[in-house]
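Below: one structure, written as structure tokens.
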């Protein structure tokens, strides 16, 4: 279903809109492959009676018309989400079931103009516990339907893209407090175009609209919020080794009025293999309707979060470009941070400061060997102003280690056999435990460091368009904690087959 997944770090609010102050995961969907009918499928089974099955059909009817259809089903008996502090063995398992459908058509209307209607339906249900160290027979369900239309027009130096999608969500919960439900509707429309003024200069401009709605129900009136954003970006590429992105966006929100964001991301090639890069960006994140008007801790007086992000780095290629090294320093400041507290619900804190360093290396050691690794250092603090006007600073890297690193090695043992092993280390972290025996006051706890090793093998059958695979997670059965009071999976294995027709 997915063609490519891009991860963009740092604030991306100027180009992608609000709620992207930390980064963006950009998912690009596939179009139909060549030929009128192509098929693929996957079937796997593993630990905790985990089952996964998927099937896809796609094709190209002619050069202008293509389609893709996907179905996926997953289920697992799971394990108890809440940790059993006394090892009584009485905590129940928390499993899940999920089914999803996806469809897309690319229709060539005229030369250069493509219209792509799509839909995505997901039905998810599962179990959850009452909280840290608290078992419960709670259940939830989620039904989400997303549909829309994308258009793309390309002619010479001009590209125009537009799209609209509607997302309808229904959530229900059943717990010790009874049954509750939530419905939401989200409208999203975007129209933008780019024009290449010269080989090294391109200008982009667009208009973005979003509306979030909670329909009227249970005696409550309809709640909604809207945001409209005109934006423009100037791209310079390859001008004597210099490239840059300079962007500006004006956000007009129905609750908060106007807010502007900007981005400046230059880079310069010192040589063919050495590049310096940096960025200075701002971001904007509005409170959700749930945070403003929802059933748990809502606060209609919340202010939006705003951010400033700065990064500088170096990227270089060595060993005839087989080795890529990258180093980056970043600093991010978020004002009016939205947090949840048991006593006050959702509130704004004054400021969150984060900074750190990221190092990565990727090496094509041989035609059949790929090696990669990373090291991350992160520091951060939450700053509040007390009644006397003095700043109070405390560490706020909840569940985030100051030090983490990882290594992965992929080896094509033969033309048909792939073996990949990866490991990661995460250092000591802090977490907050809302202790029910202390009126749910937040108590800071320390989480021990841990290491994980995973192993994946795949054998491609030489006479068939099929592969048999096995995926082992937590190979050494390491006991570790990600969230205080909750369990994590030990040694798990999943095996299956993947077929292409």
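Side notes on the structure shown:
- Residues located in the stretch 87-113, provided they are assigned to a strand (DSSP E or B) and within 23 Å of residue 176 (Cα to Cα): 94, 95, 96, 97
- Filter pass, residue 340 being surrounded by 15 or more Cβ atoms within 10 Å (Cβ to Cβ) and out of contact with any helix residue (DSSP H, G or I) (no Cβ under 8 Å at 6 or more places or on another chain): no
- Long-range neighbours under 8 Å by Cβ, at least six apart or interchain, first residue in contact (Cβ under 8 Å) with a residue 24 or more places away in the chain and on the phi > 0 side of the Ramachandran plot within the stretch 313-339, second assigned to a strand (DSSP E or B) and surrounded by fewer than 16 Cβ atoms within 10 Å (Cβ to Cβ): 336/350
- Verdict on residue 347 being modelled with pLDDT of 85 or more, under 25 Å from residue 171 (Cα atoms), in a strand (DSSP E or B) and out of contact with any helix residue (DSSP H, G or I) (no Cβ under 9 Å at 6 or more places or on another chain): yes
- Of all residues in the stretch 195-208, those that are in a strand (DSSP E or B) and surrounded by fewer than 16 Cβ atoms within 10 Å (Cβ to Cβ) total 8.
- The condition of being touching a residue at least 24 places away in the same chain (Cβ under 8 Å) and within 28 Å of residue 488 (Cα to Cα) holds for only one of 159, 122, that being 122.
- Filtered residues of the stretch 437-448 (kept if under 14 Å from residue 400 (Cβ atoms) and assigned to a loop (DSSP other than H, G, I, E, B)): none
- Considered as a group, the residues in the stretch 275-298 that are in a loop (DSSP other than H, G, I, E, B) and out of contact with any helix residue (DSSP H, G or I) (no Cβ under 7 Å at 6 or more places or on another chain) include one that is farthest from residue 330 (Cα to Cα), and that residue is 295.
- Residue 234 under 19 Å from residue 261 (Cβ atoms) and either without any contact (Cβ under 8 Å) to a residue 40 or more places away in the chain or in contact with a strand residue (DSSP E or B) (Cβ under 6 Å, 6 or more places away or on another chain) (or both): yes
- Cβ-Cβ under 9 Å pairs, at least 6 apart or on other chains, the stretch 383-407 side over 21 Å from residue 422 (Cα atoms), far side assigned to a loop (DSSP other than H, G, I, E, B) and modelled with pLDDT of 75 or more: 399/482; 399/483; 399/484
- Positions within the stretch 470-496 being assigned to a strand (DSSP E or B), in contact (Cβ under 8 Å) with a residue 60 or more places away in the chain and surrounded by 15 or more Cβ atoms within 10 Å (Cβ to Cβ), in sequence order: 471, 486, 492, 493, 494, 496
- Of the residues making up the stretch 38-58, those that are assigned to a strand (DSSP E or B) and either out of contact with any strand residue (DSSP E or B) (no Cβ under 6 Å at 6 or more places or on another chain) or closer than 28 Å to residue 94 by Cα (or both) are 41, 42, 43, 44, 45, 46, 50, 51, 52, 53, 54, 55.
- Among strands (runs of 3 or more DSSP E) entirely within the stretch 350-436, having at least 3 residues that are touching a helix residue (DSSP H, G or I) at 6+ places or on another chain (Cβ under 7 Å), at pLDDT below 90 and surrounded by 16 or more Cβ atoms within 10 Å (Cβ to Cβ) singles out no element at all.
- Pick from the stretch 233-274, criterion part of a strand (DSSP E or B) and at positive phi, ranking: surrounded by the fewest Cβ atoms within 10 Å (Cβ to Cβ): 257
- Among the candidates 116, 141, 181, the residue that is in contact with a strand residue (DSSP E or B) (Cβ under 6 Å, 6 or more places away or on another chain), assigned to a strand (DSSP E or B) and loosely packed, with under 15 Cβ neighbours inside 10 Å is uniquely 181.
- Failed condition for residue 123, given (1) at negative phi; (2) out of contact with any helix residue (DSSP H, G or I) (no Cβ under 9 Å at 6 or more places or on another chain); (3) at pLDDT below 95: (3)
- Selection from the stretch 209-230 of residues that are assigned to a loop (DSSP other than H, G, I, E, B) and touching a residue at least 24 places away in the same chain (Cβ under 8 Å): 215
The values are calculated or read from the model by the stated rules, or taken from the named source; none is laboratory data. Quick caveat: nothing in here was measured; it's all calculated off a predicted structure. Ideal geometry is used to build each Cβ from the backbone, glycine not excepted, and the neighbour counts take in all protein chains shown.
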